[in-house]
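Take a look at the structure below.
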Amino acid sequence: MTSAGPDPSVPVVLSVLGRLPTNRPPGVLAACDGSDGSLWALDRAMTEAEAHDLPLYVLAVVNPAPTGYPPGMAELVQESVETLVESMADGLRRAVVAVQRARARPCTAEMSLHVVLG
């Protein structure tokens with residue numbers, strides 16, 4: 001039996017400066033880093049979003065430059081930052097797929113995935 005990977009068509013919203021989009025309705029927020037604890041929290045957030053008919057926002061945070069870059073280095077590391085963000089987005093999709101598969105029935109709440117640089 002082969003295991004399908006995450007659905008690349010699931011959109012991931014990239015936000016910068018640690019801010020989620022402000023044009024979204026209130027909902028349930030679940031931060032996910034792929035750890036067992038965050039997967040449990042994501043499952044619980046899915047349940048709460050369904051129970052209260054709210055959208056679910058799944059969030060991952062990437063810190064591409066803990067201390068910033070010296071002048072001239074930003075251009076050199078841009079490709080690495082893009083790879084890091086894409087990797088985090090893929091991990092977020094995989095986490096959602098894993099939790100959905102483990103549930104008795106898939107979550108029916110409106111869901112959006114967000115990768116925030118910060």
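One table, with the values for the structure above:
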item: Hits in region 34-65 (condition: surrounded by 14 or more Cβ atoms within 10 Å (Cβ to Cβ), free of Cβ contacts under 8 Å to residues at least 40 places away in the same chain and within 15 Å of the chain's Cα centre (by Cα)); result: Ala41, Ala45
item: Complete set of residues in region 21-52 that are in contact with a helix residue (DSSP H, G or I) (Cβ under 8 Å, 6 or more places away or on another chain) and either over 16 Å from Ala98 (Cβ atoms) or of a type in the set (Gly, Ala, Ser) (or both); result: Gly27, Val28, Leu29, Ala30, Ala31, Gly34, Ser38
item: Any hit, region 82-92, residues being surrounded by 13 or more Cβ atoms within 10 Å (Cβ to Cβ), modelled with pLDDT under 85 and of a type outside the set (Lys, Arg); result: yes
item: Residue under evaluation Leu20, criteria (1) farther than 15 Å from Val115 by Cα; (2) modelled with pLDDT under 75, criterion not met; result: (1)
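The values are calculated or read from the model by the stated rules, or taken from the named source; none is laboratory data. Fair warning: this is a prediction, and the values are worked out from it, not measured in the lab. Ideal geometry is used to build each Cβ from the backbone, glycine not excepted, and the neighbour counts take in all protein chains shown.
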